[in-house]
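The values are calculated or read from the model by the stated rules, or taken from the named source; none is laboratory data. On a predicted model such as this, the values are computed, not experimentally measured, just so you know. Methodologically, a virtual Cβ is constructed for each residue, glycine included, from the backbone with ideal geometry; neighbour enumeration extends over all protein chains shown. Ligands, DNA and RNA are excluded from the accessible area calculation, which covers all protein heavy atoms including side chains. Shrake-Rupley method; radii C 1.70, N 1.55, O 1.52, S 1.80 Å.
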Amino acid sequence: MGPGALSLTPDLAEPTKPFTLAVLLHGGAGGSGVVATETALRFARAGHDVHFISNRVPFRLVDRSDANVWVHQVETLAYPLFDAPLTTLAEASRLAEVIETYGVDVVHAHYAVPHATAAILARDMVTTHRPAVVTTLHGTDVTLVGLDRAYLRATRHAIQRSDVVTAVSHHLRQQTYDVLGVECPIQAIPNTVDATRFRPGVDMDVRRRFARDDEALLLHVSNFRPVKRTCDVVRILAEVNAHVPARLVMVGDGPEQPKASALARDLGVGDRVTFLGAFPTVEAIMRSADVFLLPSSLEAFGLAALEAMASGVPVVATSVGGIPEVVEDGVSGFLREPKDVPALAGAVRTLLQDDALHARMAAAGRERAVTTFAEENVTHMYAEVYEAARNASSSGK
Ligand code: GMT
């Protein structure tokens, strides 16, 4: 390893050369913000300085006491001439300030729109030095929003100008080439999970808040966007409950929540579904469920499914996007076609009616979460990416 190179010991306990990282993210409850926050905090724990640049305090940043973690809120101007605040410009300006003030070495943009663009703009503005820019693609920044004519060229430009680009699954990496027309190397780095926080072991007090001991407890966690098909989650519960007494907990909030809630009442299962809203500490509920449901129509990875697997909870999900890279059909859960509610509900019933199968899948999911998606491995991949990005940046790529 040459001079100035970054190096982390395998357990990340002793960084040999601390660096300063700036992270651009959507601070809300979405998976990209969760991944951005938790990845950066792993580097903070290893002794590096971390600066979050966001429109709000990141959702999963529950402990604010670390001395080497800063949050810089992006302020915008609500000027009557503009239909909406010009956040990309505000974010780029704030980032440039942070880069100069704190000597940022690496900027990590999570979710290309608009963060990759803000990162490239800030890098061009800064006169003190040239920080490395890493962009991580998460999903709809490629498959939905990035693809929209309104954003496509700017998104492609920012991705290609990044020093290193990563995607959270092989499927998303390929989509970025196929649909966005990006022509630069992209490395697939999977998401990971804190397998100590997300661990098996039903908490009976928590479970009994939602279900009797003779009832099954199904769980869904998302930001209730249309791609999550939260109404199908409710339909699955209704179908399962027609055969096996069951309850459903829905964690999160978003545009489809009122529809899902109305549907539960229409289907006569209003009293069997609990909507808890969004909150960052879902671990205890996660490990207390019997089955985790993710019937999405689009999913680049499915972070919540991985959190369920780490918690020893089998997953019933759809075989779309990157989900098959996370959940192995028939091993750690069941995958069915999107919108096929009878098949998805059938898979849930199969799991609920066969204790041995349920136990096997729970154990297989946990095993996969702590091996294939091990935190140390994924964090090391990002450490190597930061090093490669710094090398590319210093050679003025
Ligand atoms: O891309 C999105 O839709 C937003 C993003 C989020 O912030 O919720 O979700 C994506 O990133 C997550 C973290 O990498 C992945 O686990 C999700 O699968 C992915 N969502 C989609 O592709 C729909």
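List of remarks:
- Helix-only [θ]222 nm of the chain, DSSP H runs n ≥ 4, -39500 (n - 2.57) each, per residue, nearest 500: -12500 deg cm²/dmol
- Two-decimal log10 I(q)/I(0) for the stretch 290-342, as the Debye equation yields it once each C-alpha is a single scatterer, q = 0.20, 0.22, 0.23, 0.31 Å⁻¹: -0.56, -0.68, -0.75, -1.34
- Gain upon complete extension [residue 262, residue 60; 0.36 nm per residue less C-alpha separation]: 69.8 nm
- Geometric extent, Cα atoms of the stretch 204-371 - Rg, Dmax (angstrom): 14.1, 43
- The value of relative contact order for the stretch 101-170, using C-alpha pairs under 8 Å at least six residues apart, is 39 percent.
- Sites residue 130 and residue 204 - FRET efficiency at Förster radius 41 Å, r taken between beta-carbons, to 0.05: 0.15
- Largest mean-square fluctuation among 166, 372, 140, in a Gaussian network model of the chain whose springs join Cα atoms under 10 Å apart, belongs to 372.
- Cleavage-rule hits (trypsin sites (Lys or Arg not before Pro)) in the stretch 185-285: DSSP loop, at most 16 neighbouring Cβ within 10 angstrom: 197, 212
- Positive minus negative residues near residue 260 (Lys, Arg vs Asp, Glu; Cβ under 14 Å): +3
- In degrees, nearest ten, helix 152-161 long axis to first principal axis of the chain (Cα): 60
- The share of accessible area on the stretch 7-151 that comes from carbon and sulfur is 53 percent, using a 1.4 angstrom probe.
- Mean projected area (nm²) of the alpha-carbon convex hull when the chain is viewed from all directions: 19.9
- Rh by Kirkwood over Cα pairs, then Stokes-Einstein D for the stretch 35-161 at 1.002 mPa s and 20 °C, µm²/s: 140
- The chymotrypsin sites (Phe, Trp or Tyr not before Pro) found in the stretch 168-220 include none that occupy coil by DSSP while having at most 13 further C-beta atoms within 10 Å.
- Only protein heavy atoms count here; on that basis, with a 1.4 Å probe, residue 93 has an accessible area of about 60 Å².
- The relative contact order of the stretch 249-397, computed from alpha carbon pairs under 8 Å that lie at least 6 residues apart in sequence, is 18 percent.
- Backbone N within the stretch 153-180 under 17 Å of label point (7 Å from residue 319 Cα along the Cβ vector): 171
- For the stretch 64-114, convex hull volume per residue from C-alpha positions, Å³: 110
- Put simply, the C-alpha atoms of the stretch 269-313 give a gyration tensor, and the ellipsoid matching it has half-axes of 18, 15, 11 Å, longest first.
- Placing one equal scatterer on every Cα of the stretch 104-207 and applying the Debye formula, the log10 ratio I(q)/I(0) at q = 0.18, 0.23, 0.24 Å⁻¹ is -0.79, -1.14, -1.22.
- Prolate/oblate/rounded call for the stretch 305-397, Cα gyration tensor, a/c under 1.5 rounded: oblate
- Longest exposed-site-free window of the chain, the sites being GluC sites (Glu not before Pro) in a DSSP loop that have at most 14 other C-beta atoms within 10 Å: 184-397
- Loop-resident sites, the stretch 76-112, for chymotrypsin sites (Phe, Trp or Tyr not before Pro), counting at most 10 other Cβ within 10 Å (DSSP): 82
- Taking the DSSP beta bridges with both ends in the stretch 204-371, the antiparallel portion is around 5 percent.
- Label zone (residue 97, point 7 Å along Cα-to-C-beta; backbone nitrogen cut-off 17 Å) within the stretch 127-142: 127-128.
- Among the protein heavy atoms of the stretch 204-371, carbon and sulfur supply 49% of the accessible surface, probe 1.4 Å, non-protein parts ignored.
- Residues in the stretch 326-342 carry Karplus couplings, in order, of 9, 9, 8, 4, x, 10, 9, x, 10, 10, 9, 5, x, 6, 8, 4, x Hz; the curve used is 6.51 cos²θ - 1.76 cosθ + 1.60 with θ = phi - 60°, and Gly or Pro positions show x.
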